[in-house]
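Working notes for the structure below.
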Amino acid sequence: MTSIEFQSLIPLVTIAAASIIIMLSIAVKRSHLFVNLFSLVSLGLAFLSLFFVPDTTPVMIAPLIILDKFSFFFIGLIFAASFFIILFSFNYFKQQEGDKEEYYILLLIATFGSSLLAASINFMSFFISLEIVSVSLYTLISYLRTKKNALEASVKYLILATTSAAFLLFGMALVYAGLGTMRFNDFAVRIAAPDTHVELAIAGFSMMIIGVGFKLGVVPFHLWTPDVYQGASAPVTGFIASVSKGGMFALLLRLFISIDVYQYQALVHTFTIISAASMLIGNLLAIRQNNVKRILAYSSISHLGYVLVAFLAAGSMAVQASVFYFVAYFISTLGAFGVITLLSVKEHDAEDIEDYRGLFWSHPVVAAVFTAMLFSLAGIPLTVGFIGNYYLLAAGVNSSLWFLVVTMVVSSVIGLYYYLRIVTVMYSLAKETNEKLRRRTFTFGGGIALTVLTSLLIWYGLFPKGILLVIKSIAGI
């Protein structure tokens with residue numbers, strides 16, 4: 001390994017080393033505060049190290065991963081999201097019984113796996129990274145095993161994840177049988193070669209859609225999403241909704257471009273159906289929910305459907321639109337689950353819609369922050385979510401994807417209903433004063449995290465040029 005390769009790997013090595021150091025430290029003495037602070041410092045150092053990587057990128061750690069601007073952008077996004085999750089987690093787990101320190105080990109390992117996914121260019125690194133994330137999530141979902149629905153959610157995720165992994169492996173085997181390679185960069189050349197079996201490769205890619213679709217939680221592979229979101233603890237749910245999907249999103253985008261999916265109408269039609277179904281079904285099912293976690297679960301299904309609109313639009317504008325939208329989704333989702341985490345108590349998470357009745361009258365700032373996050377998810381102007389929706393629609397119109405554009409507009413209007421429903425409850429007068437809610441206090445770290453996320457939401461909603469220039473520089477992949 002050259003010095004340049006090692007320097008490029010420092011962000012990933014930092015996270016991997018941090019999880020090992022925490023494991024050794026708790027063998028000597030348990031300290032929730034130390035582990036939380038050490039995790040924050042490790043993620044902060046790993047994030048800062050991204051700005052000191054050599055200018056000679058892309059660096060390929062053959063044949064498994066590539067460290068280029070695209071990889072580093074998503075790795076940085078994943079590190080930042082995990083940092084916010086850990087900030088929200090301290091007070092939440094402080095009030096819980098049992099050991100807390102292993103939670104941070106699992107969270108860092110899952111962060112490491114998601115980062116590897118974003119850098120993967122080979123089926124081997126793809127599958128290994130995916131399993132690192134999945135195995136960590138099995139335990140994270142059921143970490144508070146005394147909580148209602150936690151074990152049930154974990155078992156459901158375990159069974160469905162292993163089933164989807166089987167489809168993913170079988171699909172990879174078919175692609176390898178058809179093309180004779182497992183490297184993404186070789187797919188376009190091998191497909192055009194006369195001695196390959198393209199039919200086997202297409203069948204393999206079709207089977208891989210099941211594994212990828214499950215991880216992203218799109219229709220019809222979405223059935224696990226609401227149950228797992230509800231059963232997992234609030235910070236873990238925020239992690240699943242953001243970090244675990246971020247790595248898969250980056251990998252899918254790289255894979256899309258590598259195989260030039262637009263020349264295969266069967267795959268294009270398949271993703272068109274998945275996109276439209278996710279947008280409509282996700283929003284329609286969310287209307288019927290009274291649980292805020294389940295509402296956000298179905299909302300995430302619809303948002304991944306929106307992103308697929310840009311996936312199916314050709315050109316660099318499509319890449320820019322989908323990446324910017326995912327940044328907007330990260331900010332809004334982390335903020336929403338951050339509010340849920342901070343309002344949760346030892347006995348139960350703040351997940352019932354009635355838990356938010358009259359929130360404005362007891363905690364006006366928190367209510368305003370939650371309103372901003374929900375408005376961003378709904379695509380209301382002056383928020384980063386609105387700019388994201390605008391670019392997705394522009395990419396769809398530019399590629400004449402009229403069916404998906406109309407579906408996106410209609411489903412967005414439907415989605416506005418359940419977001420406003422939560423907002424209405426927060427600003428309504430409660431029949432009885434919620435004493436637990438009134439006396440709820442918030443940690444300094446959680447308050448700082450919400451302040452930063454809200455500032456980013458408004459700043460990028462008003463001045464998106466800066467982040468768009470960064471995204472444009474990585475759009476070539």
* Asked: Rank Leu48, Leu12 by accessible area, highest first, at a 1.4 Å probe radius?
  -> Leu48, Leu12
* Report the local net charge at Ile21: Lys and Arg +1, Asp and Glu -1, summed over other residues whose C-beta lies under 15 Å from its C-beta. => 0
* **Which of Ile287, Ile26 is most accessible, then next, and so on - probe 1.4 Å** => Ile287, Ile26
* Asked: Pairing the Cα long axis of helix 402-427 with the longest principal axis of the chain, what angle in degrees results, from 0 to 90 and rounded to the nearest 10?
  -> 20
* Asked: Hey, can you rank 231-238, 369-376 by average C-beta count inside 10 Å, highest first?
  -> 231-238, 369-376
* Structure fact -> With Cα coordinates, the longest principal axis of the chain makes an angle with the long axis of helix 316-343, in degrees rounded to 10, of 30
* Per-residue SASA entry for His303, accessible area with 1.4 Å probe, Å² rounded to 10 -> 10
* To do: Obtain the radius of gyration and the Kirkwood radius of the chain from its C-alpha atoms and give Rg over Rh.
  => 0.95
* To do: Quick one: angle between helix 123-141 and the longest Cα principal axis of the chain, in degrees between 0 and 90, rounded to 10, please.
  => 20
* Asked: Per-residue accessible area for Ser49 at 1.4 Å probe radius, Å² rounded to 10?
  -> 20
* Within the chain, helix-based [θ] at 222 nm, where runs of 4 or more DSSP H residues each add -39,500 (n - 2.57), nearest 500 -> -25500 deg cm²/dmol
* Would you kindly compute the Cα radius of gyration of region 56-127 and its largest Cα-Cα separation (Dmax), both in Å? => 15.3, 49
* Structure fact -> Given a 1.4 Å probe, the accessible area of region 270-477 per residue, as a whole number of Å², is 40
* Structure fact -> Counting only protein heavy atoms and rolling a 1.4 Å probe, one gets per residue an accessible area for region 1-90 in Å² of 46
* Asked: Expressed as a whole percentage, what fraction of the accessible surface of the chain belongs to carbon and sulfur atoms when a 1.4 Å probe is rolled over the protein heavy atoms?
  -> 69
* How much accessible surface does Met182 have with a 1.4 Å probe, in Å² rounded to 10? -> 60
* Exposed-loop-free span, longest in the chain, where GluC sites (Glu not before Pro) count as exposed if DSSP calls them loop and at most 11 other C-beta atoms lie within 10 Å -> 98-346
* Structure fact -> Ignoring trypsin sites (Lys or Arg not before Pro) buried by more than 15 other Cβ within 10 Å or outside DSSP loops, the longest site-free run in the chain is 149-287
* Counting only C-alpha contacts under 8 Å and six or more residues apart, can you give the relative contact order of the chain as a whole percent? => 15
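The values are calculated or read from the model by the stated rules, or taken from the named source; none is laboratory data. What you see is a predicted model, and the numbers here were worked out from it, not measured in a lab. With ideal geometry, Cβ positions are generated from the backbone for all residues, glycine too; neighbour counts draw on all protein chains shown. SASA here: full protein model, heavy atoms, side chains in, ligands and nucleic acids out. Shrake-Rupley method; radii C 1.70, N 1.55, O 1.52, S 1.80 Å.
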